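Trainee: Attaching a single structure in structure tokens format; questions to follow.
The values are calculated or read from the model by the stated rules, or taken from the named source; none is laboratory data. Remember, it's a predicted structure, so these values are computed and weren't measured experimentally. In this analysis, Cβ positions are derived from the backbone assuming ideal geometry, glycine residues included, and neighbour counts consider all displayed protein chains. Please note that ligands, DNA and RNA were not included when accessible areas were found on the heavy atoms of the full protein model with its side chains. Shrake-Rupley method; radii C 1.70, N 1.55, O 1.52, S 1.80 Å.
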Amino acid sequence: MGSVDYLERIPNNVSLRENRRLLRALEEWQPRFLDWWREMGPLGFQADQVYLRTAVSVEPEGWAVFDYVRMPEYRWGIFLAPADSDRRIAFGDHLGHPAWQEVPGEYRGALRRLIVTQGDTEPASVEQQRHLGRTCPSLYDLRNLFQVNVEEGRHLWAMVYLLHAYFGRDGREEAEALLQRRSGDRDRPRILGAFNERTPDWLSFFMFTFFTDRDGKYQLASLQESGFDPLSRTCRFMLTEEAHHMFVGETGVGRVVQRTCELMRRHRTDDVRRYGGIDLATLQRYINFHYSVSLDLFGSEISTNAANYYTYGLKGRFEETKKADDHRLQDQSYPVTLLEGDRIVTRELPALTALNERLRDDYIADCQRGVDRWNAIIKKHGIDVELRLPHRGFHRAIGTFAEARIAPDGRVVSQAEWDARRHEWLPSEQDAAFVQSLMHPVVEPGRFAGWIAPPGRGINGQPLDFQYVKLTRAPEA
Ligand code: BYC
């Protein structure tokens, strides 16, 4: 069960060979995926050998091998975590019933919608990041970018498999549409807000992989609890890949913080821009932006959609099975922070409709742990500054705070104050232009751009000066 069949055109551990119809449908989708990858995947570098890991098993130990691969030849495939034949639904109205192996008819629409929304984010992020290769700060980072990109491509495969295998004709249509929408396109945008934002530079990339991929972790963890077993098993395996993406984000921002602190100490100034570093104030503004657009991805504080997904048994809480309550939540409450008039208040509200907020709370605590680690780097340099997560209401476009202007410290402010101080709080065009001005490709093995410290160690035990990407020609910045 654990091993993956690589002799097949589509590597898989779901016995595709035995389901001719499904195999044919996916084999028809495959060339269209590759067309999309060539059109919207990383710009350039498609002929280069990249030191990538590929899944070869779904067992926790030894699921991946590392080798040189040209990206279009990456073995995208379908991998589900091992089945538990006695798995039971862990929450909602169907608590204790055997997990579904087929789509329950009455929940078909809701389930399809969850899978499509999840699937849509994967190609979107590849589209957002497609220009970054040309300005990579090192070969090590370039390789990490491409690793993230091919795995997002594989996560798209994971959702497309579910659509094709379980949703008939409308599943096939949705799978097509996943290749048609485009991040940031006015007429055919991606579904969720953050996936239509630009990722124009590497600082944005590291912030995105820290904050936005972390939404992925929490959403996948909730879908992993699903009573629909194929979705649960798919998400379980996706989460093993997701961990690397957040590692890239946390260490990426951490390395920028490290370099900034080194420059602050060396030159005895906060203004490290003239020494080619990114000042802490700019980093704070990037945090404010990426954190707030990622908070929106959890939906409204009060959501009947979320209550229904839970009651139906489709989407659970983070670590649902570890929680000691009735797993139905009909009579329970949960504290929710809301805007009432021009005041921010916390109210005990029905736990079921508060499930988006609860997941957002889990996410916020996890983000805070990362920020604490960045602050430890600053402190180690003897610098008395702390990076902070802004208030949850800051710069929100979804939910209770969308109508108001909230400062990072949680004050409800007037439009005039917001307009006057916006650029203290969010990256300005000048910030973006400054960060962009630092983005020059560094492609000599073992060398790193001046605005970011080298990582603590290489990938898969390789040295930092390892040839992580064998370039056929130097990127044009
Ligand atoms: N942008 O009850 P509400 C990842 C819509 S990231 C635009 O508040 P609900 C990854 C909503 O659709 C993880 N629209 O929210 C990371 C609804 O529309 P209708 C992705 C939004 O439904 C990095 C209306 O507002 N996975 O994997 O409870 C790289 C009211 O909805 C937004 C998932 O999201 C928004 N931000 O929750 C690569 C999991 N928020 O009904 C990958 C699947 C809400 O009025 N999705 N709306 O037409 C879900 O569980 C839910 O759809 C959401 C929204 C949590 C997103």
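Trainee: Give me the accessible area of residue 439, 1.4 Å probe, in Å² rounded to the nearest 10.
Mentor: Accessible area of residue 439: about 10 Å².
Trainee: Could you name the lysines in cross-link range of residue 322, using Cα to Cα under 28 Å and dropping any fewer than eight places away on the same chain?
Mentor: Correct list for residue 322: 217.
Trainee: Towards the positive end of the charge dipole of the chain, with charges on Cβ (+1 Lys, Arg; -1 Asp, Glu), say which of 397, 156, 245 has the farthest Cα.
Mentor: It is 245, whose Cα lies furthest towards the positive end.
Trainee: Under a point-charge model restricted to the Cβ atoms of Lys and Arg (+1) and Asp and Glu (-1), what is the dipole moment magnitude of segment 47-197 relative to its Cα centre, in debye to the nearest 20? Walk me through the numbers before you get to the answer.
Mentor: On the way: 19 positive and 23 negative charges, 74 e Å.
Charge dipole, segment 47-197, about its Cα centre: 360 debye, nearest 20.
Trainee: By accessible area of protein heavy atoms, probe 1.4 Å, what ranking do 134, 457 get, highest first?
Mentor: Putting 134, 457 in descending order of accessible area: 457, 134.
Trainee: In vacuum, with every alpha carbon of the chain counted as one equal point scatterer, what does the Debye formula give for log10 I(q)/I(0) at q = 0.10, 0.11 Å⁻¹? Two decimals, please.
Mentor: So the normalised log intensities work out to -0.78, -0.95.
Trainee: So what's the gap between the Cα centers of segment 8-39 and segment 426-477, to the nearest angstrom?
Mentor: 34 Å
Trainee: Let's see if you can work this out: charge +1 on each Lys and Arg Cβ, -1 on each Asp and Glu Cβ, no other charges. What is the dipole magnitude of the chain about its Cα centre, in debye to the nearest 20?
Mentor: Here the chain has a charge dipole of around 840 debye.
Trainee: So if we plug the beta-carbon distance of residue 101 and residue 324 into 1/(1 + (r/R0)^6) with R0 = 30 Å, what FRET efficiency do we get, rounded to 0.05?
Mentor: With a Förster radius of 30 Å, E is 0.60.
Trainee: Under the Kirkwood approximation applied to all pairs of distinct alpha-carbon atoms, what is the hydrodynamic radius of segment 182-228 in Å?
Mentor: Taking every pair of different Cα atoms in segment 182-228, averaging 1/r and inverting gives 12.2 Å.
Trainee: If you place +1 on the Cβ of every Lys and Arg and -1 on the Cβ of every Asp and Glu, how big does the dipole about the Cα centre of segment 76-150 come out, in debye to the nearest 20?
Mentor: 240 debye
Trainee: Using 0.36 nm times the number of residues separating residue 472 and residue 239, minus their current alpha carbon distance, what extension gain do you get?
Mentor: The residue 472-residue 239 span can extend by a further 80.6 nm.
Trainee: Work out the P(r) tail for segment 1-77: percent of alpha carbon pairs separated by more than 17 Å, whole number. List each step's numbers first, then the result.
Mentor: Working: 1567 of 2926 pairs.
Pairs farther apart than 17 Å: 54 percent.
Trainee: Would you be so kind as to identify all helices of the chain, as entire DSSP H runs, whose Cα atoms reach 18 Å or more along the helix's own axis and whose mean Kyte-Doolittle hydropathy is at least -1.0?
Mentor: Sorted by number, the helices that extend far enough and score high enough are 108-128, 139-166, 229-267, 280-296, 355-380.
Trainee: Sorted by accessible area with a 1.4 angstrom probe, largest first, how do 470, 217, 380 fall?
Mentor: Result of the area sort, largest leading: 380, 470, 217.
Trainee: Sticking with this structure for a sec: Could you please state how large a percent of the accessible area of the chain is carbon and sulfur, counting protein chains only and using a 1.4 Å probe?
Mentor: 47 percent
Trainee: So, for the chain, what is the accessible surface per residue at a probe of 1.4 Å, expressed in square angstrom?
Mentor: 42 Å²
Trainee: Additional query: Once the Cα gyration tensor of segment 200-302 is diagonalised, what are the square roots of 5 times its eigenvalues, in whole Å and ordered largest first, as equivalent ellipsoid semi-axes?
Mentor: In descending order, the three semi-axes are 35, 15, 8 Å.
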